[in-house]
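Visitor: Could you have a look at this structure, given as structure tokens, before my questions?
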Amino acid sequence: MFRKVLIANRGEIAVRLVRGLRELNIASVAVYSDADRASLAVRMADEAAHLGPAPSSESYLRIDKIIDAALRHGAEAIHPGYGFLSENAEFAEACTDAGLVFIGPPAEAIKKMGSKTAARQIAIAAGAPVVPGTESAIRSIEQARATAHSLGYPVLLKASAGGGGKGMRRVDREQDLESAIRDASSEAAHAFHNDEVYLEKLVIEPRHIEIQVLGDHHGHLIHLGERECSIQRRHQKVIEECPSPLMGIDPGLRDRMGAAAVKVARAAGYANAGTIEFLVDRDRNFYFLEMNTRLQVEHPVTELVTGLDLVSWQLKIAAGAHLTIEQSDVRWTGSAIECRIYAEDPENNFLPFPGKITRLVEPSGPGIRLDSGVYEGWTVPFDYDPLLAKLVAWAPDRNAAISRLKRAISEYKVGGIRVNLAFFTDILNDEAFARGELSTAFLDGFFVRRKPAPDPAPEMEAVAAIVATLSRQKPAAPVVNPTSKWKWEQ
């Protein structure tokens, strides 16, 4: 096993990794930008390395700086977390070239699955069902028109090289197709430096269900079941749960989707933890969507229901261990639901709301897990995704998990900034959610059903005015872990 691992990330996932490393008696090295100098991950890690200014392009996305920090601190491996460089094949190769272990899949697997069109071709070759559409990027408007005509409108344009809704356009009429291709290609080029888009039939109001896979470097590959990720806004997940309510309706669906996911991962030469994402239509037909070649934000719900520590297995597999779990060993017990806690204003189009956390009361109690990256007095920076924490509740069944999560939210207090806690309470109280009637269009109906929120407190309106001043304050120096035996880099 490794003696020291560098964490190439920030926020709550960096804290999660510090804890996972400490449980295996592995020293941790956190990296930080100017904005994160006093972050919780930096406070908790055994060592810390400064990367540079706040912009991620000058810090968390600098492969050369991260590799240099790992070598200077004597790390043997790098865990990328998720986001930033986690699915960057060049970064994985740079780690190997520097004599470091990349805690994730082989670079070649990242390359194969990083292109949505290449991933579709792999899925087709593996016998997994895919949404009907082009197998490669669109080459001409004539090809696009012919394909859309054969599929029938509406169709969906998607970026070959990315996700998160970037470069994605719904097209309902042929006369809109050419301009939609132009707009989607332009957005994809800006977001991913690749303007290629492909076209597929739009699945109306599907469920978004993903299958967790886990494999070692010795050819052993299994799945750990599904996560329901259908509740989304702007193609970003909001609430995730395991198991999916759909599995109670069709008990054999998990086995069929799991088998398909393992086939796709094996065809890609995959090892370590990864996720195969599917769309499921109203008739419970499922279609391969894409593969995420990393640990997922929502991995805690799988950990709580299966009892397996994914981070621990990531580290063991990267160190060369055999996966000792057989498919028949995997069990799913109870139900877990996760809320992504953001510094944002749901009543103002989910506008990010950075600033200083003046009060923080965190929930606890039976069945509650909180993966947090903040503390009272911390200033949430402007520069990054405003995810603060992931609040997860486990209980013996879904109804009990919903009740437990509502109780935990009622205990959660955050002062000085706006957060989306009340938004989650409303979702959990929604009758359609309680019935498990979920789809990627869930929030459209929810906002119609939802009662208008009360006017915000007057004092909150003043917060935005002082946020800019707070953000210009000089970052505090790191607070050293008093029990650490390791050196710190100023």
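The values are calculated or read from the model by the stated rules, or taken from the named source; none is laboratory data. Note that the coordinates shown come from a computational prediction; the quantities given were computed from them, not determined experimentally. A quick note on method: Cβ atoms are made from the backbone with ideal geometry, for glycine too, and the neighbour counts reach across all protein chains shown.
Visitor: Could you tell me which numbered condition Arg234 fails, if it satisfies all but one of (1) surrounded by fewer than 24 Cβ atoms within 10 Å (Cβ to Cβ); (2) in contact (Cβ under 8 Å) with a residue 60 or more places away in the chain; (3) touching a Lys or Arg at 6+ places or on another chain (Cβ under 9 Å)?
Guide: (3)
Visitor: Mind listing whichever residues of the range 36-91 are closer than 21 Å to Asn272 by Cα, of a type in the set (Asp, Glu) and crowded, with 20+ Cβ neighbours inside 10 Å?
Guide: Glu87 - this is the single residue of the range 36-91 that is closer than 21 Å to Asn272 by Cα, of a type in the set (Asp, Glu) and crowded, with 20+ Cβ neighbours inside 10 Å.
Visitor: Also: Taking the residues in the range 141-156 that are small (Gly, Ala, Ser) and without any contact (Cβ under 8 Å) to a residue 40 or more places away in the chain as candidates, determine which candidate is farthest from Lys201 (Cα to Cα).
Guide: Among residues in the range 141-156 that are small (Gly, Ala, Ser) and without any contact (Cβ under 8 Å) to a residue 40 or more places away in the chain, the one farthest from Lys201 (Cα to Cα) is Ala146.
Visitor: May I ask you to say which residue of Glu90, Glu47, Glu58 is in contact (Cβ under 8 Å) with a residue 60 or more places away in the chain and among the acidic types (Asp, Glu)? So that I can check it myself, show each step before the final result.
Guide: Working: Glu90 fails: in contact (Cβ under 8 Å) with a residue 60 or more places away in the chain; Glu58 fails: in contact (Cβ under 8 Å) with a residue 60 or more places away in the chain.
Result: Glu47 is the single residue among Glu90, Glu47, Glu58 that is in contact (Cβ under 8 Å) with a residue 60 or more places away in the chain and among the acidic types (Asp, Glu).
Visitor: Here's another thing I want to ask about it. Would you check which residues across the range 352-391 are in a strand (DSSP E or B), among the aliphatic types (A, V, I, L, M) and over 23 Å from the mean Cα position of the chain (by Cα) and list them?
Guide: We begin by selecting, within the range 352-391, every residue in a strand (DSSP E or B); these are 352, 355-356, 359-361, 368-372, 379-380, 387-391.
If we keep only those that are among the aliphatic types (A, V, I, L, M) as well, we get 360-361, 368, 370, 380, 387-389, 391.
Of everything in the range 352-391, those that are in a strand (DSSP E or B), among the aliphatic types (A, V, I, L, M) and over 23 Å from the mean Cα position of the chain (by Cα) turn out to be Leu360, Val361.
Visitor: Quick check, is Val203 among the aliphatic types (A, V, I, L, M) and either closer than 23 Å to Phe424 by Cβ or part of a strand (DSSP E or B) (or both)?
Guide: Spelling it out, it is not the case that Val203 is among the aliphatic types (A, V, I, L, M) and either closer than 23 Å to Phe424 by Cβ or part of a strand (DSSP E or B) (or both).
Visitor: Now, a different point. Given Ile110, Ile181, Ile138, Ile124, which one is touching a residue at least 60 places away in the same chain (Cβ under 8 Å), in a helix (DSSP H, G or I) and surrounded by 14 or more Cβ atoms within 10 Å (Cβ to Cβ)?
Guide: One residue alone meets the criteria, Ile110.
Visitor: Would you confirm, using the coordinates I've provided, whether Leu428 is under 26 Å from Val280 (Cα atoms), under 23 Å from the mean Cα position of the chain (by Cα) and surrounded by 13 or more Cβ atoms within 10 Å (Cβ to Cβ)?
Guide: Against the criterion (under 26 Å from Val280 (Cα atoms), under 23 Å from the mean Cα position of the chain (by Cα) and surrounded by 13 or more Cβ atoms within 10 Å (Cβ to Cβ)), Leu428 qualifies.
Visitor: Among the candidates Met291, Met247, single out the residue that is surrounded by fewer than 21 Cβ atoms within 10 Å (Cβ to Cβ), assigned by TED's automatic domain parsing to the domain that holds Glu326, among the hydrophobic types (A, V, I, L, M, F, W, C) and in contact with a Gly (Cβ under 9 Å, 6 or more places away or on another chain).
Guide: Going through Met291, Met247 in turn, just one is surrounded by fewer than 21 Cβ atoms within 10 Å (Cβ to Cβ), assigned by TED's automatic domain parsing to the domain that holds Glu326, among the hydrophobic types (A, V, I, L, M, F, W, C) and in contact with a Gly (Cβ under 9 Å, 6 or more places away or on another chain): Met247.
Visitor: Next question, about the same structure. Looking at Val361, Val330 in this structure, which one is without any contact (Cβ under 8 Å) to a residue 60 or more places away in the chain and either crowded, with 17+ Cβ neighbours inside 10 Å or touching a helix residue (DSSP H, G or I) at 6+ places or on another chain (Cβ under 8 Å) (or both)?
Guide: Answer to the selection: Val361.
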